[in-house]
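Everything on this sheet refers to the single structure shown next.
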Amino acid sequence: MEILIPILISLGAFTMIVFLRKFENDERMAMINKGIDFGTKRRRVSAIGTLRLALLAIGISIGLLVGNILEVNISIREEIAYFSMVLLFGGLGLLTSYIIQLKQEEKEKTLEENKQLYQPL
């Protein structure tokens, strides 16, 4: 019985992916038959989401490392050391991602304003 659980989970995940792709394709075909332009462009992949996850993972790993150092050297309880450092450094990673995103959006806005300013009439 124990061996069936991973097999069923894998089979269920595969089936879900296949059906999602099938329904997505059916939806597109129906839109084409009705003459609706659904946009041939693919969704633009944003580097911001990847950056956010990367900085969060880095923050969590630094938090685990610092939590271990605190537990061993300062004799803080294990739960307090790990949870507090993971939350602290994970939050710092997300804050860093947010600040980078704000600067990027400000830069894009400035470029767009300059582009509109220098367009010939």
Quiz item: Among 75, 97, which is under 22 Å from residue 47 (Cα atoms), assigned by TED's automatic domain parsing to the domain that holds residue 49 and small (Gly, Ala, Ser)?
Solution: 97
Exercise. May I ask you to list pairs of residues, at least six apart or on different chains, whose Cβ atoms are under 7 Å apart, with the first in the range 1-24 being surrounded by 10 or more Cβ atoms within 10 Å (Cβ to Cβ) and the second being assigned to a helix (DSSP H, G or I) and of a type in the set (Val, Ile, Thr)?
Key: none
Quiz item: Hey, any hits in the range 72-79 for a residue that's part of a loop (DSSP other than H, G, I, E, B) and surrounded by 12 or more Cβ atoms within 10 Å (Cβ to Cβ)?
Solution: yes
Exercise. Please work out if residue 53 is touching a residue at least 12 places away in the same chain (Cβ under 8 Å), assigned by TED's automatic domain parsing to the domain that holds residue 101 and not charged (D, E, K, R).
Key: no
Self-check item: Subset of the range 81-121 [of a type in the set (Ser, Thr, Tyr) and assigned to a helix (DSSP H, G or I)]
Solution: 82, 84, 96, 97, 98, 110
Exercise. Pick out the one residue from 46, 97 that is small (Gly, Ala, Ser) and out of contact with any helix residue (DSSP H, G or I) (no Cβ under 9 Å at 6 or more places or on another chain).
Key: 46
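The values are calculated or read from the model by the stated rules, or taken from the named source; none is laboratory data. A quick note: this is a predicted structure, and the numbers were derived from the prediction, not measured. Don't worry about glycine lacking a Cβ; one is built from the backbone with ideal geometry, like all the others, and counts go over all protein chains shown.
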